[in-house]
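As structure tokens, the structure follows; a few thoughts come after it.
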Amino acid sequence: MIIISKENPVIRLFTEHKNRIEGDALHQLKKSAELPGMQTAVGMPDLHPGNGGPVGAAFITHGIFYPHLIGSDVGCGMGLWQTNLRKNKVKRDKWARKLSGFETPWEGDAGEWLTGYNLNPSQFENALGTIGGGNHFAELQTVEKISDPEAFGALGLDKKHLMVLVHSGSRGLGASILRHHTDKHGAGGLEDNTDDATDYLKAHDEAIQWAEANRALIAHRFISALGTIGERVLDLSHNAVSRIQHDGQTLWLHRKGAAPSDRGPVIIPGTRGSLTYLVRPLKDQSANAWSLAHGAGRKWNRGSVRARLKSRYTPASLSQTDMGSLVICEDRDLLYEEAPQAYKNIDGIIRDMEASGLIRQVATFRPLITYKVRKNR
DNA sequence: ATGTAC
């Protein structure tokens, strides 16, 4: 852990290798830390530049909170399902052909699905059960290695079964919520107990639920397409603001691309061509604002990846990874933007958090099929 | 990251 600033506000970087962190990302972290009411800003080892603030960061404020630090994909997160498919009966290519249509509206009753999550129908039902773009995906995985059998078993996990990991968010709903805020307040915050704060938090909490319902429906569509059933193991949002009590104060904990580490085990995917880690947070999580890295984090910005890789990689070569997995991504631009080479090495991200005393490993998972998108945008 | 506008 590297201390950037000892007080007013506290700024900590949870890496053992500062050169892992881009200068722009650190600058964004420091800039965001200057906002009024800021007490603590922490950067995770996957810290990288973002839109309204850095991604891979958590911020603690008093008396005011900042929607632009959460970003537009309110509720975005990771969900893990255990399926009834067995590791000894993998039919990778046959299964890949069965996976399609996760970018078009679900054939079922989306309004009824939302009711199961205590949500009323909104104007975004057509997007429910769709993965979206960018770094979102749904991925079939096998268990690679178990390092903490007790924690692994306590989640009901079985190494013989295949898993589905879903990374998606609140689609247009979250975007509309941030737009509504920034149209009036820009990058300004919302003070405690104001009407605008109450309205934002109500919409925010609904988007958190909507995103969870969305991941569940994506998993349902994915698992059904493979002709089997599955059970949710865990689901955590890495874009959210929460009210917390700490040292007798009521504070706001903002997470942007930062997984919560106060709700049990956490799933941290690497790239589509690397392992996913299941980890167990260790006891005291206050220094890191009860937050962990949410993935590998970008190394190269989206716009620069194609130029860097086009001479060495064809779209067909990027559709198979070094791990032997398939990537279903029929949007060529996205296939390059999301290439594993554009991301940091997840093993180093995990090692950083172990070295900082934040986590222990529980298990790793190996990708088999990653579904991103079938159609061109 | 998004739906929409360019």
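The values are calculated or read from the model by the stated rules, or taken from the named source; none is laboratory data. Computed from a predicted model, the values in this text were never measured in an experiment. When we count neighbours, we look across all protein chains shown, and the Cβ atoms used for this are built from the backbone with ideal geometry, even at glycine. For accessibility, only protein heavy atoms count, side chains too; no ligands or nucleic acids. Shrake-Rupley method; radii C 1.70, N 1.55, O 1.52, S 1.80 Å.
Heavy atoms only, probe 1.4 Å: what % of the accessible area of chain A goes to carbon and sulfur, would you let me know? The nonpolar share, carbon plus sulfur, comes to 46 percent. Report the relative contact order of chain A, percent, no decimals, based on alpha-carbon pairs under 8 angstrom and at least 6 residues apart. About 24 percent, as a whole number. Accessible surface area normalised per residue over the range A:2-373 is 42 Å², counting heavy atoms of protein chains with a 1.4 Å rolling probe.
Candidates A:Val279, A:Leu226, A:Leu155 compared by Cα position along the dipole of chain A: farthest toward the positive end lies A:Leu226, with charges placed on Cβ. Basic side chains Lys and Arg get +1 at the Cβ, acidic Asp and Glu get -1 at the Cβ, and with that the dipole of the range A:2-373 about its Cα centre reaches some 1660 debye. Comparing mean-square fluctuations of A:Ala293, A:Ala307, A:Ala363 from a GNM of chain A with C-alpha springs under 10 Å, the top value falls on A:Ala307. Only one residue of A:Thr198, A:His238, A:Ile60 has its Cα farthest out toward the positive end of the dipole of chain A, where Lys and Arg carry +1 and Asp and Glu -1 on Cβ, and that residue is A:His238. Among A:Ala203, A:Ala289, A:Ala58, the residue with the largest mean-square fluctuation in a Gaussian network model of chain A, with springs joining Cα atoms closer than 10 Å, is A:Ala203. The angle between the Cα long axis of helix A:23-33 and the longest principal axis of the Cα atoms of chain A comes to about 50 degrees, rounded to the nearest 10.
Report the relative contact order of the range A:11-157, percent, no decimals, based on alpha-carbon pairs under 8 angstrom and at least 6 residues apart.
Once normalised by length, the contact order is 14 percent.
Only the Cβ atoms of Lys and Arg (+1) and of Asp and Glu (-1) were treated as charged; on that basis the dipole of the range A:247-377 about its Cα centre amounts to roughly 500 debye.
Restricting attention to the range A:305-368, which trypsin sites (Lys or Arg not before Pro) occupy a DSSP loop and are surrounded by at most 16 other Cβ atoms within 10 Å?
A:Lys310, A:Arg312
Based on Cα contacts under 8 Å between residues 6+ apart, the range A:236-377 shows a relative contact order of 28 percent.
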